[in-house]
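Take a look at the structure set out below.
The values are calculated or read from the model by the stated rules, or taken from the named source; none is laboratory data. This structure is a prediction, so every number in the text was calculated from the model and none was measured. For neighbour counting, all protein chains shown are included, and Cβ atoms are generated from backbone atoms with ideal geometry for every residue, glycine included. The area values use the complete protein model at the heavy-atom level, side chains included, leaving out ligands, DNA and RNA. Shrake-Rupley method; radii C 1.70, N 1.55, O 1.52, S 1.80 Å.
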Amino acid sequence: QVQLVESGGGLVQPGESLRLSCAASGIIFSQYDMDWYRQAPGMQRELVAQISSGEWNYATYAASAQGRFTISRDNNKNTVYLQMNSLKPEDTAVYYCGAERWGRIENWGKGTLVTVSS
């Protein structure tokens, strides 16, 4: 049974940092590109960052995340991370991780809520 479990969300003030984690089980983790998406109230789910499978760990970011967020993975722990710095109120959303192969998200986590507010 495939499981993706996100953690690390919470309430922070603008300018602060959070690190999200997503622990995977039931898949050969190293074979998947791993994605972080987010969905704000009333908005569509959007891609925040992606890290490739294999040894290169190539990362790409949405323009809104570039320079503030860092995605990384530990294949030994079957875990992907999202380090979020300089958080803004507009980063408030439920953050989801997704396991992607061949351009398609095969599995989603249930999400973790990030709220940025003073």
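For the set K77, K88, the ranking by accessible area, highest first and with no ligand, DNA or RNA atoms included, is K77, K88 under a 1.4 Å probe.
With N set to the residue count of the stretch 16-82, report its C-alpha Rg divided by 2.2 N^0.38 Å to two decimal places. Please report the intermediate quantities before stating the final value.
Working: Rg = 12.3 Å, N = 67, 2.2 N^0.38 = 10.9 Å.
The value comes to 1.13.
Other residues with beta-carbon under 11 Å from the beta-carbon of I105 carry, at +1 per Lys or Arg and -1 per Asp or Glu, a net charge of -1. Dipole magnitude for the chain: computed about the Cα centre from +1 point charges on Lys and Arg Cβ and -1 point charges on Asp and Glu Cβ, it is near 100 debye. Hey, for a label at S17 modelled as a point 7 Å past Cα toward Cβ, could you say which residues of the stretch 66-91 have their backbone N under 16 Å away? From the stretch 66-91, the list is 66-73, 81-88.
Annotation: per residue accessible area for the chain equals 55 Å², rounded to a whole number [probe 1.4 Å, protein chains only]. The rule of thumb for compact globular proteins, 2.2 N^0.38 Å, goes into the C-alpha radius of gyration of the chain 0.99 times.
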